[in-house]
1. So which residues in the stretch 170-180 are assigned to a loop (DSSP other than H, G, I, E, B) and either farther than 14 Å from residue 137 by Cα or at pLDDT below 85 (or both)?
2. Kindly provide the set of residues from the stretch 102-123 that are touching a residue at least 24 places away in the same chain (Cβ under 8 Å) and near ligand 3 (Cβ under 8 Å from one of its atoms), ordered by number.
3. Looking at the stretch 245-263 only, could you name the residues that are within 17 Å of residue 206 (Cα to Cα) and touching a residue at least 40 places away in the same chain (Cβ under 8 Å)?
4. Would you check if there is a residue in the stretch 78-101 being within 14 Å of ligand 5 (Cβ to nearest atom) and among the hydrophobic types (A, V, I, L, M, F, W, C)?
5. Of 183, 188, which residue is within 16 Å of ligand 5 (Cβ to nearest atom) and in contact with a Ser or Thr (Cβ under 7 Å, 6 or more places away or on another chain)?
6. Search the stretch 156-169 for residues being part of a helix (DSSP H, G or I) and more than 8 Å from ligand 6 (Cβ to nearest atom), and hand back the single one that is least open to solvent (accessible area, probe 1.4 Å).
7. Just to be sure before I move on: is residue 189 hydrophobic (A, V, I, L, M, F, W, C) and either open to solvent by less than 60 Å² (accessible area, probe 1.4 Å) or outside the structural domain of residue 273 (by TED's automatic domain parsing) (or both) in the structure I sent?
8. Just checking, how many residues over the stretch 222-244 are at positive phi and either free of Cβ contacts under 8 Å to residues at least 24 places away in the same chain or aromatic (Phe, Trp, Tyr) (or both)?
Amino acid sequence: MSNSSKRWVHRFIWVTAVVFVLAAPWPGGRLLAHAWDTEDCQGCHADLSILEDGGGYLYVDSARYERTAHAEVGCPSCHESVNEDHPDDGVRPSRAKCGECHDEVEAEYTESIHADNATCTDCHNPHEVKPVGQVSGAQMNRPCMECHEEDDVVASHEAWLSQTTRHIRALPCITCHTGSKVYVVTFYVGTFEERAGRSPRVALATHEELMAKAERSEGVTSVIDRDADGRVSVEELRLFYREGRAEGLQLWGMMTPEVATHNYATMDNRWDCSFCHASGPGVVQKSFVALPGPTGDYTRIPVEPGAVLDALYGTPDFYMIGATRSKTMSLIGLLIVAAGLMVPLVHGTLRLLTIRKRREH
Ligand code: HEC
Ligand code: HEC
Ligand code: HEC
Ligand code: HEC
Ligand code: HEC
Ligand code: HEC
Ligand code: HEC
């Protein structure tokens, strides 16, 4: 054998050995035999035919999944144990624990009063996660409502919270039940329909409904951000209100946390109406308009600071009583209350002082 053909035989033996090691059927030895990637998985799990025969729970909506931060992670990272013979091997693939990557959230949640009541996946579908800014307040409440009936919540909160339905509509549950630090006001576009003799029917406007009114080429944000400068001025809000009314559109304000926390509790200071209805808290200075995209997630556009306080012109449908309170007005209010109290006080004192005189008569 020549030197060069010897070298080829050597190479052949090496390559065969490496292939054998990589492809052998022992753990970790499946690299060449089969490397699953997300596309393989989606071939079956994102195909509508998997819905047949009660396979609804097997379906992963790929359009939604691709837009999540979890798409970067990829299916096989969270379902490591999927075998070459899947799904015929009868082995149920492993499912990653959320805490492997979200240890801080897990630690915070485990300590909360709610930890025994629901797990991460009761509130989150791992294939459709979104950051808090892309979720509407109503969407935030959806998991809560799976276990807490709205009627029950209204009934139990009515005992101390006036305008209960209005509050529950304007505040996601987590605004009062977690200790998030910063709150913002987020406006959603709603549609309303006048009904004779009844209150108007209101719903969140869909992407399609808004696109019908938007400049198609400019996208959905042009319904309100007319000059496309990436922010909404008080003037643009005012225009939206004026023209929107006629077209059956309205802005719904919600006070939402800027960053979601998971330290579930019943926050003591939420009994205190002034936590929200106080003069000029930072919370209502910062606001956004959130517009729905084609797959149901929201894009937020910042609103000119302080616009929410301009209730008269900027946001006539959203009025945080107390938020516009001025020191002078409070003082005048206090004087009126004090004067009101003075009447019975002075009257009572006079009666007491004159009691002997009156008895004598
Ligand atoms: C050839 C089609 C096919 C491919 C490819 C496929 N699956 Fe499956 N998968 C199925 C079917 C069918 C089932 C239901 C099996 C059963 O009920 O025993 C299933 C079950 C599962 C389950 C378990 C559901 C449960 O019962 O909890 C997970 C998780 C899963 N697949 C993930 C994956 C991942 C991740 C990939 C890619 C690495 C993948 N699958 C590739 C068809 C497929
Ligand atoms: C970030 C981690 C993560 C990623 C990425 C992920 N999954 Fe999952 N998946 C999970 C978890 C956790 C569960 C269990 C959910 C539960 O218990 O309700 C699950 C459940 C499933 C199920 C079964 C549904 C059920 O109700 O048990 C299927 C099928 C599945 N995943 C397929 C996929 C496919 C296909 C992909 C990629 C397109 C994927 N997963 C990506 C974490 C992930
Ligand atoms: C393999 C790692 C991994 C696992 C396991 C995992 N996640 Fe994530 N998750 C991420 C990454 C990376 C992000 C991107 C944002 C970040 O870094 O927090 C993310 C973001 C999120 C978000 C916010 C969405 C966003 O765009 O900011 C939610 C909600 C979430 N995960 C929930 C879960 C839940 C619930 C589970 C368990 C079912 C889970 N995750 C399991 C890696 C993971
Ligand atoms: C009782 C319901 C509930 C449970 C249980 C829960 N979450 Fe959340 N989580 C929410 C809500 C509501 C939000 C706000 C955004 C949204 O609705 O998606 C959120 C937001 C998040 C975010 C995004 C934070 C941000 O500011 O963008 C992450 C990450 C997250 N959750 C992870 C987890 C993990 C991990 C677990 C389990 C340890 C968990 N969650 C348990 C309700 C819950
Ligand atoms: C999987 C079911 C489930 C989900 C989802 C869920 N909860 Fe609960 N929650 C419970 C149960 C069970 C209890 C204990 C019984 C009760 O008070 O109703 C509870 C109790 C509570 C309590 C009272 C805690 C106490 O002990 O004082 C609050 C507040 C609460 N939940 C808020 C929420 C919020 C906010 C959400 C949504 C982000 C949510 N829950 C989602 C099941 C759930
Ligand atoms: C304005 C603030 C606020 C909002 C919004 C709010 N809660 Fe509460 N909630 C409270 C306070 C304060 C208590 C304590 C009341 C008590 O102990 O009587 C409470 C008590 C509870 C309890 C325990 C008492 C009971 O009803 O069994 C549950 C469960 C609960 N809330 C769930 C919810 C859910 C679900 C939502 C969203 C639909 C929500 N809350 C919205 C402030 C709020
Ligand atoms: C966590 C924040 C928060 C707390 C706590 C809170 N509110 Fe509110 N309140 C709001 C928001 C947000 C609105 C909705 C404004 C809108 O939609 O116009 C509102 C609306 C109202 C309205 C209706 C205003 C109108 O224009 O009709 C009244 C009245 C009210 N609150 C009284 C109270 C009282 C009384 C308390 C204490 C028992 C209280 N609120 C506690 C946030 C809060």
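1. Just the residues of the stretch 170-180 that are assigned to a loop (DSSP other than H, G, I, E, B), to begin with: 171-172, 178-180.
178, 179, 180, listed by residue number.
2. Scanning the stretch 102-123 gives a single hit, 105.
3. 248, 249, 250, 251, 252, 253
4. Step one: list which residues in the stretch 78-101 are within 14 Å of ligand 5 (Cβ to nearest atom), which gives none.
The answer is no, given that none of the residues of the stretch 78-101 is within 14 Å of ligand 5 (Cβ to nearest atom) and among the hydrophobic types (A, V, I, L, M, F, W, C).
5. Numbers: 188 fails: within 16 Å of ligand 5 (Cβ to nearest atom).
Result: 183 is the single residue among 183, 188 that is within 16 Å of ligand 5 (Cβ to nearest atom) and in contact with a Ser or Thr (Cβ under 7 Å, 6 or more places away or on another chain).
6. Quick first cut of the stretch 156-169, residues part of a helix (DSSP H, G or I) only: 156-158, 164-169.
Keeping just the survivors that are more than 8 Å from ligand 6 (Cβ to nearest atom) gives 158, 164-166, 169.
Numbers: 158: 110, 164: 8, 165: 84, 166: 134, 169: 116 Å².
So the residue we want is 164.
7. On the way: hydrophobic (A, V, I, L, M, F, W, C): yes; either open to solvent by less than 60 Å² (accessible area, probe 1.4 Å) or outside the structural domain of residue 273 (by TED's automatic domain parsing) (or both): yes.
So residue 189 passes the test.
8. Residues of the stretch 222-244 at positive phi: 228, 230.
Still in the running and either free of Cβ contacts under 8 Å to residues at least 24 places away in the same chain or aromatic (Phe, Trp, Tyr) (or both): 228.
Number of matching residues: 1.
The values are calculated or read from the model by the stated rules, or taken from the named source; none is laboratory data. Just so it is clear, the structure is predicted and the values come from calculations on it, not from any experiment. Using ideal geometry, Cβ is built from the backbone for each residue, glycine included, and neighbour counts are taken over all protein chains shown. For accessibility, only protein heavy atoms count, side chains too; no ligands or nucleic acids. Shrake-Rupley method; radii C 1.70, N 1.55, O 1.52, S 1.80 Å.
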